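The values are calculated or read from the model by the stated rules, or taken from the named source; none is laboratory data. The structure displayed is predicted, hence computed values, not measured ones. Here the Cβ positions follow ideal geometry from the backbone for every residue, glycine too, while neighbour counts run over all protein chains shown. To get the accessible areas, we keep the full protein, side chains included, count just its heavy atoms, and leave off ligands, DNA and RNA. Shrake-Rupley method; radii C 1.70, N 1.55, O 1.52, S 1.80 Å.
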Amino acid sequence: QVQLVESGGGLVHAGDSLRLSCAASGGTFSRYAMGWFRQAPGKEREFVSRSWSGGSTLYADSVKGRFTISRDNAKNTVYLQMSSLKPEDTGVYYCAADVRSGSYYGMLAYDYWGQGTQVTVSS
């Protein structure tokens, strides 16, 4: 069983930066692909970014060039550095773990999810 705990959310102004962290426990973190998703009020959860166990990364077009995913396998932690934040980035951000680290990166790929952390960007 893998537990994921996100932190780092908060209320910021447009243009600000924020770094989210997701600490994993109970599994072999270095083997997993890790993803970040977000869910705005009244909207479906959407893909934000993914880090494969081999080091490859992927970003949604809406965050490309502004967000950076990284991981520290020694600390069992994945990060999401968010810059040039926009009001449309507001939502609950979730991290998730894919124990198979396959090529598919949609929601169904993930086996474990964190509880989420709120990010609010004011204009």
Study note, to complete from the structure: For segment 67-122, the percent of accessible surface on carbon and sulfur atoms (probe 1.4 angstrom, ligands and nucleic acids excluded) is 51 percent
Revision key, fill the gap. Under the 7 Å Cα-to-Cβ spin-label approximation, Glu46 and Val99 lie apart by a distance in nanometres of 3.1 nm
Review point. Given Cα pairs under 8 Å that are at least 6 residues apart, what percent is the relative contact order of segment 1-67?
Key: 22 percent
Exercise for review: Looking at the chain, send over the antiparallel percent of its DSSP beta bridges, to the nearest 5.
Suggested key: 90 percent
**Study point:** For the chain, accessible area per residue (1.4 Å probe, heavy atoms of protein chains only), Å²
**Key:** 50 Å²
Point to revise | Per-selection metrics, the chain (Cα): Rg and Dmax in Å | key: 13.3, 40
Check your understanding: Over what distance in Å are the Cα centres of segment 1-51 and segment 71-119 separated?
Key -> 3 Å
Point to revise | Relative contact order [Cα under 8 Å, 6+ residues apart], the chain, whole percent | key: 36 percent
